[in-house]
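The values are calculated or read from the model by the stated rules, or taken from the named source; none is laboratory data. The shown structure was predicted, so the numbers you read here are calculated from the model rather than taken from an experiment. Every residue, glycine as well, gets a Cβ built from its backbone with ideal geometry; the counts of neighbours run over all protein chains shown. When the accessible area is computed, the model is the full protein with side chains, heavy atoms only, and any ligands, DNA or RNA have been set aside. Shrake-Rupley method; radii C 1.70, N 1.55, O 1.52, S 1.80 Å.
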Amino acid sequence: MFLKREEIVKKIEKSIKKSERFIGEGELATYIPELANVDPDGFALSIVTTTGDVYNFGDIDTVFSMQSISKVISLIMALNDNTIQDVFEKVGTEPTKYKFNSLIPIDDKPSNPLINAGAITTASLIVGKDVDEKFQRVLNLVKKLSDSEKISFLKEVYTSEMETTDVNKSIAYYLRSKKIFSLNADEVLDLYIRNCSIGINASELAHLGAVLANGGSDLVTGDEMVSKETVKIVLAQMASCGMYEESGEFLLNVGIPSKSGVSGAILGIVPGKCGICTYSPRLDASGNSIRGKNLLKILSNDLNLNIFL
Ligand code: DON
């Protein structure tokens, strides 16, 4: 039974209404000062289906930084530029109960590619003659997958994080000391933070998610943008590690492979169906958007999006 567009819109509006009870809960990510310069109650939802239908709600033109959602892109790039074996020799595949910027889950190598240590490692695996060229390649991939030339680099966010990133700096140097990479640690860190500072809106991010939900193929032409093998790995890691120390609970309650960022966005990918982006910048203690994660739970239930059902 297929629903008409108006019926789907009504259903989504009802789900959004239910999520309003979470407005005001949580805190902005002030450890990157620039991230506090946003409307704390800003809100957007975009769902893009694999057939190209777009459902946009709220502040759809608001541009936010990708933050940790860029870890998905960094993993794709690392897998494009290296063999699967080479990538997972440097970074593990296991979830961790520690915070996203903890040094503990590094041990012999970072526990997974979606924590900071793991994404600094995947950044070290991206090919290019210098940081500028590597970042341009990352930006080009985001533009291609989101079908938007408007994807930008948010210099203020980048500068703000560069000035306050002592923890990530120590992670980068520690990884180098462990011979996870031999490149200049400051340059690897620079690329990691540039990736986090990519500016995008909810609709563009949902489109990027829809391409991955479509097995990595363009929604219109069907041309391959990301290989199926890579999509399979990325979605598995998002499902098990994408919501940090809440990943198990989120998978159990929501059942959608997802990745959060401290700017307040969450990208959800429902294989074969759609990409979803929620934006609401108030976060819980794990760095996940409170209204966003709850809206994903509501949508999963109301629109039957749980991948296990
Ligand atoms: O490295 C950091 O701390 C930030 N640039 C990204 C962290 C992040 O988005 C965690 N996500 N929920």
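Somewhere in the range 283-295, is a residue farther than 20 Å from Gly24 by Cα, in a loop (DSSP other than H, G, I, E, B) and either of a type in the set (Lys, Arg) or touching a residue at least 40 places away in the same chain (Cβ under 8 Å) (or both)?
Of the residues in the range 283-295, the ones farther than 20 Å from Gly24 by Cα are none.
No, because not a single residue in the range 283-295 is farther than 20 Å from Gly24 by Cα, in a loop (DSSP other than H, G, I, E, B) and either of a type in the set (Lys, Arg) or touching a residue at least 40 places away in the same chain (Cβ under 8 Å) (or both).
Regarding the range 35-43, can at least one residue be identified that is assigned to a helix (DSSP H, G or I), within 14 Å of the ligand (Cβ to nearest atom) and surrounded by 19 or more Cβ atoms within 10 Å (Cβ to Cβ)? Before the answer, list the steps.
Kept after step one, since they are assigned to a helix (DSSP H, G or I), are these residues of the range 35-43: 35-36.
This time we only want the ones that are within 14 Å of the ligand (Cβ to nearest atom), so: 35-36.
Those still in the list that are surrounded by 19 or more Cβ atoms within 10 Å (Cβ to Cβ) too: 35.
Yes, the conditions are met somewhere in the range 35-43.
Answer with yes or no whether Gly216 is away from the ligand (no atom under 12 Å from the Cβ), under 16 Å from Phe308 (Cα atoms), open to solvent by less than 10 Å² (accessible area, probe 1.4 Å) and modelled with pLDDT of 95 or more.
Details: away from the ligand (no atom under 12 Å from the Cβ): yes; under 16 Å from Phe308 (Cα atoms): no; open to solvent by less than 10 Å² (accessible area, probe 1.4 Å): yes; modelled with pLDDT of 95 or more: yes.
Considered against the rule, which asks whether it is away from the ligand (no atom under 12 Å from the Cβ), under 16 Å from Phe308 (Cα atoms), open to solvent by less than 10 Å² (accessible area, probe 1.4 Å) and modelled with pLDDT of 95 or more, Gly216 comes out as no.
Consider Leu125 carefully, then state whether it is among the aliphatic types (A, V, I, L, M) and surrounded by fewer than 23 Cβ atoms within 10 Å (Cβ to Cβ). Show your work before the answer.
Details: among the aliphatic types (A, V, I, L, M): yes; surrounded by fewer than 23 Cβ atoms within 10 Å (Cβ to Cβ): no.
When the stated conditions are applied, Leu125 does not pass them.
Kindly establish whether Phe57 is over 18 Å from the mean Cα position of the chain (by Cα), at pLDDT 95 or above and within 17 Å of Ser240 (Cα to Cα). Step through it out loud before you land on a result.
Details: over 18 Å from the mean Cα position of the chain (by Cα): yes; at pLDDT 95 or above: yes; within 17 Å of Ser240 (Cα to Cα): no.
Against the criterion (over 18 Å from the mean Cα position of the chain (by Cα), at pLDDT 95 or above and within 17 Å of Ser240 (Cα to Cα)), Phe57 does not qualify.
Scan the range 128-176 for residues that are touching a His at 6+ places or on another chain (Cβ under 8 Å) and open to solvent by 10 Å² or more (accessible area, probe 1.4 Å) and jot them down. So that I can check it myself, show each step before the final result.
Start the filter on the range 128-176 by keeping residues that are touching a His at 6+ places or on another chain (Cβ under 8 Å), which leaves 145-148.
Result: Asp147, Ser148.
Could you tell me which of the residues Ser197, Ser152 is among the small types (Gly, Ala, Ser) and more than 12 Å from the ligand (Cβ to nearest atom)?
Being among the small types (Gly, Ala, Ser) and more than 12 Å from the ligand (Cβ to nearest atom) holds for just one of Ser197, Ser152, which is Ser152.
Can you name every residue in the range 239-257 that is among the small types (Gly, Ala, Ser) and farther than 15 Å from Phe100 by Cα? Break it down stepwise before answering.
Here is the first cut: in the range 239-257, the residues among the small types (Gly, Ala, Ser) are 239-240, 242, 247-248, 255.
Within the range 239-257, Ala239, Gly255 qualify.
Suppose we filter Glu20, Glu89, Glu27 for residues that are surrounded by fewer than 17 Cβ atoms within 10 Å (Cβ to Cβ), within 16 Å of the ligand (Cβ to nearest atom) and at pLDDT 95 or above; which single one remains? Give the steps one after another, and end with the answer.
Numbers: Glu20 fails: within 16 Å of the ligand (Cβ to nearest atom); Glu89 fails: within 16 Å of the ligand (Cβ to nearest atom).
Going through Glu20, Glu89, Glu27 in turn, just one is surrounded by fewer than 17 Cβ atoms within 10 Å (Cβ to Cβ), within 16 Å of the ligand (Cβ to nearest atom) and at pLDDT 95 or above: Glu27.
Return the residues of the range 250-273 that are away from the ligand (no atom under 13 Å from the Cβ) and either among the aliphatic types (A, V, I, L, M) or open to solvent by 10 Å² or more (accessible area, probe 1.4 Å) (or both); say none if nothing qualifies. Walk me through it before giving the result.
Just the residues of the range 250-273 that are away from the ligand (no atom under 13 Å from the Cβ), to begin with: 251-257, 268-273.
Leu251, Leu252, Asn253, Val254, Ile256, Ile269, Val270, Pro271, Gly272, Lys273 - these are the residues of the range 250-273 that are away from the ligand (no atom under 13 Å from the Cβ) and either among the aliphatic types (A, V, I, L, M) or open to solvent by 10 Å² or more (accessible area, probe 1.4 Å) (or both).
Which one is nearest to the ligand (Cβ to nearest atom), of the residues in the range 94-114 that are in contact with a helix residue (DSSP H, G or I) (Cβ under 9 Å, 6 or more places away or on another chain) and open to solvent by 60 Å² or more (accessible area, probe 1.4 Å)?
Our first condition is that a residue be in contact with a helix residue (DSSP H, G or I) (Cβ under 9 Å, 6 or more places away or on another chain); within the range 94-114, this holds for 94-103, 105-106, 109-114.
With open to solvent by 60 Å² or more (accessible area, probe 1.4 Å) added as a condition, the list becomes 94-95, 97-99, 103.
On the way: Glu94: 18, Pro95: 14, Lys97: 15, Tyr98: 13, Lys99: 9, Leu103: 13 Å.
So the residue we want is Lys99.
Residue under question is Val48, and the condition is that it be at pLDDT 95 or above and open to solvent by 50 Å² or more (accessible area, probe 1.4 Å); does it hold? Break it down into steps so the answer makes sense when it comes.
On the way: at pLDDT 95 or above: yes; open to solvent by 50 Å² or more (accessible area, probe 1.4 Å): no.
It is false that Val48 is at pLDDT 95 or above and open to solvent by 50 Å² or more (accessible area, probe 1.4 Å).
I need a count of the residues in the range 66-86 that are among the β-branched types (Val, Ile, Thr) and either on the phi > 0 side of the Ramachandran plot or surrounded by fewer than 21 Cβ atoms within 10 Å (Cβ to Cβ) (or both).
Filtering the range 66-86 for residues among the β-branched types (Val, Ile, Thr) gives 69, 72-73, 76, 83-84.
Okay, now just the ones that are also either on the phi > 0 side of the Ramachandran plot or surrounded by fewer than 21 Cβ atoms within 10 Å (Cβ to Cβ) (or both), so 83-84.
Number of matching residues: 2.
In this structure, does Thr164 turn out to be part of a loop (DSSP other than H, G, I, E, B), within 16 Å of the ligand (Cβ to nearest atom), at pLDDT 95 or above and within 30 Å of Lys179 (Cβ to Cβ)? Full working, then the answer.
Working: part of a loop (DSSP other than H, G, I, E, B): yes; within 16 Å of the ligand (Cβ to nearest atom): yes; at pLDDT 95 or above: yes; within 30 Å of Lys179 (Cβ to Cβ): yes.
It is true that Thr164 is part of a loop (DSSP other than H, G, I, E, B), within 16 Å of the ligand (Cβ to nearest atom), at pLDDT 95 or above and within 30 Å of Lys179 (Cβ to Cβ).
On the basis of being part of a loop (DSSP other than H, G, I, E, B), in contact with a strand residue (DSSP E or B) (Cβ under 7 Å, 6 or more places away or on another chain) and more than 27 Å from Ser182 (Cβ to Cβ), does Ile60 make the cut? Explain how you work it out, then say what you get.
Working: part of a loop (DSSP other than H, G, I, E, B): yes; in contact with a strand residue (DSSP E or B) (Cβ under 7 Å, 6 or more places away or on another chain): yes; more than 27 Å from Ser182 (Cβ to Cβ): yes.
In short, yes.
Of the residues that make up the range 115-130, is at least one within 30 Å of Glu20 (Cα to Cα) and within 14 Å of the ligand (Cβ to nearest atom)?
Taking the range 115-130 and keeping what is within 30 Å of Glu20 (Cα to Cα), we get 115.
Next, from what is left, pick out any that are within 14 Å of the ligand (Cβ to nearest atom): 115.
The answer is yes, given that some residue of the range 115-130 is within 30 Å of Glu20 (Cα to Cα) and within 14 Å of the ligand (Cβ to nearest atom).
Looking at Ser124, Ser102, which one is modelled with pLDDT of 95 or more, under 27 Å from Gly199 (Cα atoms) and among the hydroxyl-bearing types (Ser, Thr, Tyr)? Working first, answer last.
Working: Ser102 fails: modelled with pLDDT of 95 or more.
Answer to the check: Ser124.
Let me spell it out: the conditions are (1) within 16 Å of the ligand (Cβ to nearest atom); (2) out of contact with any Lys or Arg (no Cβ under 6 Å at 6 or more places or on another chain), and Val72 meets all of them except one. Which number is the exception?
Looking at each condition in turn, Val72 falls short on (2).
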